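Presented below is the structure to which this report refers.
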Amino acid sequence: WTHRKTEDADIYFISNPENTSRELNLSFRVTGSQPQFWNPVNGTISTITNWELQEGRIHIKLPLHAHESGFVIFRKGVAAVKIDKVKRTTQPIADISRNWTVQFDPAFGGPKTAVAFPSLTLWNEHADAAIRYYCTALYQNEFTLDAVNKDSPIYLTIDSVFNMATVTINGIDCGTIWTPPYRLDISKAIKPGKNAIEIKVSNTWRNRLIKDLSLPEEERITWTTAPLESLQNKPLLKAGLEGKVRIEQ
């Protein structure tokens, strides 16, 4: 964590460095201001409701996902008011975990035609070597919703992404996810009836570099000035989408 002050605010940066979700018990040397959480990933500002004033300090229970970070802000002129906490939960309204088509680029070592993924299989575990060492591919699918309720947000949630995923629904860019929870608000793009979804997924170069180490230099796809000997005999990293893909509200 770190703290800085401006003329009208106390700004605390809070980070969860662990690979697991946690609820942090935080104590701030601040009184009289309403705590807010500023999310640097999606740009939202939300009022923190789970706090208490004890002995001249504000105590907050702050849940953070694995490796999540954000800003707790106390702004002058925003009076501290206790608000009854409303527990919000989401319910799945569509499961699109199966029957994806994935388009790889043969110029970067991928298969020449689109590949059917009846279930989500990690690239590094795939039987086809053209997929096993691949870096970026486009997932495509369709799903149908009988009705769309715009009274509350609609989300796309993916269990695991390795390592980044940019989501487009019905031709509308819904954003990019790279940290847990792998969730995007897709309310602006969703519609009743049939919906088309594309997810562009990228991992790091590591798996491709490992493959190129086994090839003659004239057959390699990648090129780098970095020494690659340290990658020899190293295991492949996870790549692609894993688990379930759900539409939730």
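The values are calculated or read from the model by the stated rules, or taken from the named source; none is laboratory data. What you are looking at is a predicted structure, and each value in this text was computed from that prediction instead of being measured. As a convention, Cβ positions derive from the backbone with ideal geometry for all residues, glycine included, and neighbour counts pool all protein chains shown. Surface areas here come from the heavy atoms of the whole protein model, side chains and all, with no ligands, DNA or RNA. Shrake-Rupley method; radii C 1.70, N 1.55, O 1.52, S 1.80 Å.
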Starting from the residue with the highest accessible area, list R75, R132 in decreasing order, probe 1.4 Å.
R75, R132
Positive minus negative residues near P92 (Lys, Arg vs Asp, Glu; Cβ under 13 Å):
0
Sum up the lysine pairs in region 1-111 that clear both bars: alpha-carbon distance under 21 Å and a spacing of 8 or more or different chains.
4
Report the residue, chosen from N39, N207, N163, that carries the largest GNM mean-square fluctuation when the chain is represented by alpha-carbon nodes joined by springs under 10 Å.
N39
Of K150/K194; K194/K244; K112/K238; K112/K234, those spanning more than 26 Å from alpha-carbon to alpha-carbon:
K112/K234
Can you give the log10 of the normalised intensity I(q)/I(0) at q = 0.08, 0.09 Å⁻¹, computed with Debye over equal Cα scatterers of the chain?
-0.44, -0.55
Env charge @ H67, Cβ radius under 12 Å, K,R +1 / D,E -1, value -1
The FRET efficiency for R22 and T113, from their Cβ-Cβ distance with R0 = 51 Å and rounded to 0.05, is 0.70
Scalar couplings 3J(HN,Hα) for region 126-133 by Karplus 6.51 cos²θ - 1.76 cosθ + 1.60 (θ = phi - 60°), nearest whole Hz, x for Gly and Pro, are 6, 5, 7, 5, 5, 9, 4, 10
Hey, if we sort S160, S214 by accessible area with the 1.4 Å probe, largest down, what's the order?
S214, S160
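State the percentage of accessible surface on the chain attributable to carbon and sulfur atoms; use a 1.4 Å probe and exclude ligands, DNA and RNA.
After summing per-atom areas, the C and S share lands at 50 percent.
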